[in-house]
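The values are calculated or read from the model by the stated rules, or taken from the named source; none is laboratory data. Computed from a predicted structure; not experimentally measured. Virtual Cβ from ideal backbone geometry, glycine too; neighbours counted across all protein chains shown. Heads up: the accessible areas ignore ligands, DNA and RNA and are worked out on the full protein's heavy atoms, side chains in. Shrake-Rupley method; radii C 1.70, N 1.55, O 1.52, S 1.80 Å.
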Amino acid sequence: MSLASVQAFFAARQLDIPIIELDVSTATVAEAAAAHDVEPGRIAKTLAFRLNDGRDVILVARGDARIDNRKFKDAFGKGKMLPPDEVEAITGHPVGGVCPFGLATELPVYLDVSLQAYDEVLPAAGAVHSAVRLSPQQLHHITQADWVDVCQAFA
């Protein structure tokens with residue numbers, strides 16, 4: 001069902017983006033990187049947060065990024081990751097397949113600047129064995145997301 005919502009999202013926008021479906025799990029960054037034969041940073045992980053003001057937001061960051069608590073607080077105020085049992089209800093996607101496309105609830109989407117280190121990234125596509133390949137700029141255009149800097153700096 002979730003994969004179908006991503007397909008419908010792409011079709012509604014007339015986007016010709018192939019969805020890659022594999023026979024193996026890509027639910028974690030490590031599994032996805034191995035399955036797609038890329039470095040973990042190229043996996044665009046999608047995280048769901050509940051902010052202290054009650055808003056839920058989606059953040060997409062490079063796979064090997066860690067949230068910088070100070071930067072996160074400066075950008076959003078205090079917040080915490082949604083518990084796994086709430087993620088699917090709010091996003092429409094299972095944990096491990098969460099992506100910024102075809103969301104069940106209209107949520108603000110943010111892209112961390114860490115993604116800009118790559119010419120191509122691979123976010124999930126609504127299932128624990130699916131992904132798409134696109135540039136960070138395409139991801140930005142498709143999601144109409146805002147860029148933020150909330151992850152720890154990379155050397």
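A few notes on this one:
- The phi torsions of region 122-133, fed into the Karplus equation with coefficients 6.51, -1.76 and 1.60 and a -60° offset, translate into couplings of 10, x, 5, 10, x, 9, 7, 9, 10, 6, 10, 10 Hz, rounded to whole numbers, with Gly and Pro shown as x.
- Summarising the amide proton neighbourhood of Leu134: residues at separation of 5 or more, or on other chains, whose placed amide H is nearer than 5 Å comprise Val121.
- Cβ crowding within 10 Å averaged over residues, with 92-98, 19-25 ranked highest first: 92-98, 19-25
- Anisotropy class of region 38-155 from Cα gyration tensor, a/c 1.5 cut: oblate
- Along principal axes, Cα extents of region 106-152, largest first, whole Å: 28, 27, 21
- Taking amide H positions as modeled 1.01 Å from N, with prolines and chain starts lacking one, the residues under 5 Å from Gly126 and 5 or more places away or on another chain are Cys99.
- Of Ala127, Ala34, Ala44, the one that fluctuates the most in a GNM where the chain has Cα springs shorter than 10 Å: Ala34
- Dividing the convex hull volume of the alpha carbon atoms of region 1-51 by its residue count gives 129 Å³ per residue.
- Dividing the mean sequence gap of close Cα pairs (under 8 Å, 6+ apart) by how many residues region 1-151 holds gives a relative contact order of 30 percent.
- Cα gyration tensor shape of region 77-135, rounded if a/c is under 1.5, else prolate or oblate by comparing a/b with b/c: oblate
- Overall form of region 10-81 per C-alpha gyration tensor (a/c, 1.5; a/b vs b/c): oblate
- Accessible surface of the chain, 1.4 Å probe, proportion on carbon and sulfur as whole %: 50
- Label-reachable residues, region 31-52, where backbone N falls under 13 Å from a point 7 Å from Leu22's Cα toward its Cβ: 31-44
- A cut-off under 12 angstrom between Cβ atoms defines the neighbours of Val128, and their net charge, with Lys, Arg +1 and Asp, Glu -1, is -4.
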